[in-house]
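Structure first, commentary second.
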Amino acid sequence: MKLRKIIILSLLFSSSVTFSQTKSLADFEISEIYSKAEAKENVFENFDIEIETVSLNDVDSDFTRFDDLIWLKSISKENKIVLLGETHCSKNIKNLKNRIIIALNKFDYFPLVIIENPYSFTPFVNHFIQLKSKEESKTFFKKELSNMIYTKEDSIFIEHIRVWNIQNPNKKIQLGCIDLEWQYGKMCEEILKPYFYKLKDIDTGKIDKIIELGKNQSNQFFVEIEPLLAEAKKQNLQGAYPFIDSQYIENVIDNFSATNNTIRYSFDYYRQKAIIDKIKSDNYFGDYFKNQKVIMHGGGDHMKSKFFYPNGGNFLSEGSYLNYDFKFTKNKVFSIMISGLSFSLGEMKDINLDDCVSQGAVYKSILKRMQSAYNADLLKENKNYFLFGLRTDFEKFIISKSYEYKNSGIIIPENEWHKITAYSTELNAEKRKTIENENEERIAFDVYIYIPNSPITIARKMFGNN
């Protein structure tokens with residue numbers, strides 16, 4: 001699958017190319033976006049293909065501009081689950097995601113939005129989005145969220161939800177973080193340790209030793225933390241906030257155990273098993289998935305709803321599991337993929353990631369490549385570039401349309417795709433194969449939106465490094 005290849009390509013680019021060796025952008029696996037004239041040199045340019053567009057502006061302050069998303073109205077009413085897949089690291093994709101989430105809640109009501117962040121963040125972001133006071137929310141963000149929220153775009157999103165909840169008290173949105181504890185050292189130190197320190201007559205030195213086991217990913221941690229958790233339940237222990245209770249702490253430890261298994265044994269198997277468990281279990285988000293309507297947002301591979309994995313493998317994608325296996329949502333799922341083609345460096349041209357909240361491996365790789373090329377005077381900060389080897393006639397066609405429809409996402413309707421696939425049979429074997437691959441990726445979703453270009457997302461500086 002193309003999305004998997006994109007991630008692998010990014011992760012493989014781990015070694016630096018020294019400036020003395022650098023001869024071109026190719027040394028950084030980067031290529032320039034097509035010019036308008038170059039983009040028009042594609043086999044589909046003079047073919048009668050009608051497209052639809054969506055704005056890439058962010059949500060407006062009064063949540064009203066959704067004319068281009070009116071097609072979501074029937075979708076919101078006819079489906080229990082709406083999935084939003086994305087190519088990570090794109091500012092424009094984040095803007096469109098914001099608009100889609102708000103539009104779905106304008107047209108209907110989805111009380112839970114699942115996001116791809118560590119589970120332990122969940123009650124903290126939910127506390128933030130329920131605060132009515134701007135000053136109180138700023139204070140809480142600075143104290144508790146500043147070193148959790150990865151990007152500027154993520155902070156804008158949760159502020160949108162906070163404002164939405166103030167303006168729409170009968171349609172309040174909750175957020176659910178469903179991913180593993182990737183920042184497990186920070187989680188052990190800042191969530192688990194302070195909580196267990198509150199136990200009556202406790203030896204804090206003993207807690208410190210257990211926490212160190214966790215930070216070192218020792219399996220013994222899960223053995224030695226169990227008596228402390230049992231005592232916390234017995235004492236009905238509450239942490240610094242009412243939402244930090246024994247059930248939350250038990251969930252965090254359970255999620256950390258899944259993280260440990262994922263890192264030690266099998267990445268996809270244990271990660272996906274843990275995510276599906278959170279969908280099913282009432283201790284996590286099960287009640288929402290069984291009885292209410294949910295929006296899920298995450299990487300594209302997670303959100304395929306029209307791909308059936310053989311031999312019981314549907315748990316490998318939340319979309320496949322929800323659409324084919326989970327009886328409460330079966331055949332009530334709609335999926336949208338938002339795919340980014342090219343990126344610009346923008347504000348990240350000279351920001352040191354060491355000063356920022358920890359970012360994912362793909363983002364680190366992308367930024368390292370782009371900053372290195374920028375520092376070698378090979379890349380312009382506001383120009384768009386291909387980062388994943390996308391140099392096919394189909395991508396040329398999409399880029400060509402982007403010159404015609406500025407600041408727009410591009411949708412090719414299903415009936416137009418029939419024209420494309422029919423015409424592709426007349427192409428040579430290589431070009432025909434690229435269309436087959438593109439179509440194979442597309443048909444795993446109900447709607448596929450192409451984002452021709454975008455600045456990369458802006459990593460947030462850690463509090464104290466501003």
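The values are calculated or read from the model by the stated rules, or taken from the named source; none is laboratory data. Remember, predicted model here, so these are calculated numbers, not experimental data. Virtual Cβ from ideal backbone geometry, glycine too; neighbours counted across all protein chains shown.
Within region 428-444, the set of residues being of a type in the set (D, E, K, R), under 19 Å from Tyr309 (Cβ atoms) and buried (at least 17 other Cβ atoms within 10 Å of the Cβ) comprises Glu441, Arg442.
When Ile207, Ile211, Ile191, Ile225 are checked against the criterion of being more than 16 Å from Asn255 (Cα to Cα) and either surrounded by 12 or more Cβ atoms within 10 Å (Cβ to Cβ) or not hydroxyl-bearing (Ser, Thr, Tyr) (or both), a single residue qualifies: Ile207.
Scan region 338-348 for residues that are assigned to a helix (DSSP H, G or I) and of a type in the set (A, V, I, L, M) and the total you get is 1. In region 27-50, what residues are outside any loop (DSSP other than H, G, I, E, B), under 23 Å from Leu427 (Cα atoms), touching a residue at least 24 places away in the same chain (Cβ under 8 Å) and not charged (D, E, K, R)? Across region 27-50, the qualifying residue is only Ala39. When Arg391 is tested against (1) at pLDDT below 95; (2) crowded, with 17+ Cβ neighbours inside 10 Å; (3) closer than 23 Å to Glu41 by Cβ, only condition (2) is not met.
Which residues, taken from region 20-54, are farther than 29 Å from Tyr423 by Cβ and either of a type outside the set (Val, Ile, Thr) or in contact with a Cys (Cβ under 8 Å, 6 or more places away or on another chain) (or both)? Listed by number, the residues that qualify are Ser20, Gln21, Lys23, Ser24, Leu25, Ala26, Asp27, Phe28, Glu29. Just one of the listed residues (Ile161, Ile115, Ile102) is of a type in the set (Val, Ile, Thr) and either touching a strand residue (DSSP E or B) at 6+ places or on another chain (Cβ under 6 Å) or under 21 Å from Met462 (Cβ atoms) (or both), and it is Ile115. The single residue among Ile129, Ile114 that is under 27 Å from Ile253 (Cα atoms) and over 18 Å from the mean Cα position of the chain (by Cα) turns out to be Ile129.
Within region 83-123, being β-branched (Val, Ile, Thr) and either assigned to a helix (DSSP H, G or I) or touching a Ser or Thr at 6+ places or on another chain (Cβ under 7 Å) (or both) holds for Thr87, Ile93, Ile100, Ile101, Ile102, Thr122. The set of residues in region 251-265 being touching a helix residue (DSSP H, G or I) at 6+ places or on another chain (Cβ under 9 Å) and free of Cβ contacts under 8 Å to residues at least 24 places away in the same chain consists of Asp254, Asn261. Among the residues of region 228-281, those that are of a type in the set (Phe, Trp, Tyr) and surrounded by fewer than 18 Cβ atoms within 10 Å (Cβ to Cβ) comprise Tyr241, Phe243, Tyr265, Phe267, Tyr269.
Matching residues to (1) assigned to a helix (DSSP H, G or I); (2) within 29 Å of Leu316 (Cβ to Cβ); (3) within 26 Å of the chain's Cα centre (by Cα):
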{"position": "Ile210", "(1), (2), (3)": "yes, no, no"}
{"position": "Val223", "(1), (2), (3)": "yes, no, no"}
{"position": "Lys233", "(1), (2), (3)": "yes, no, no"}
{"position": "Leu237", "(1), (2), (3)": "no, no, no"}
{"position": "Tyr241", "(1), (2), (3)": "no, no, no"}
{"position": "Thr262", "(1), (2), (3)": "yes, yes, yes"}
{"position": "Ile275", "(1), (2), (3)": "yes, yes, yes"}
{"position": "Lys278", "(1), (2), (3)": "yes, yes, yes"}
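Applying the criterion of being among the acidic types (Asp, Glu), more than 30 Å from Leu72 (Cβ to Cβ) and free of Cβ contacts under 8 Å to residues at least 60 places away in the same chain to the residues of region 324-366, the residue that is surrounded by the fewest Cβ atoms within 10 Å (Cβ to Cβ) is Asp354.
Can you tell me which residues in region 306-337 are charged (D, E, K, R) and either over 22 Å from the mean Cα position of the chain (by Cα) or not in a helix (DSSP H, G or I) (or both)? Within region 306-337, Lys306, Asp325, Lys327, Lys330, Lys332 meet the criteria.
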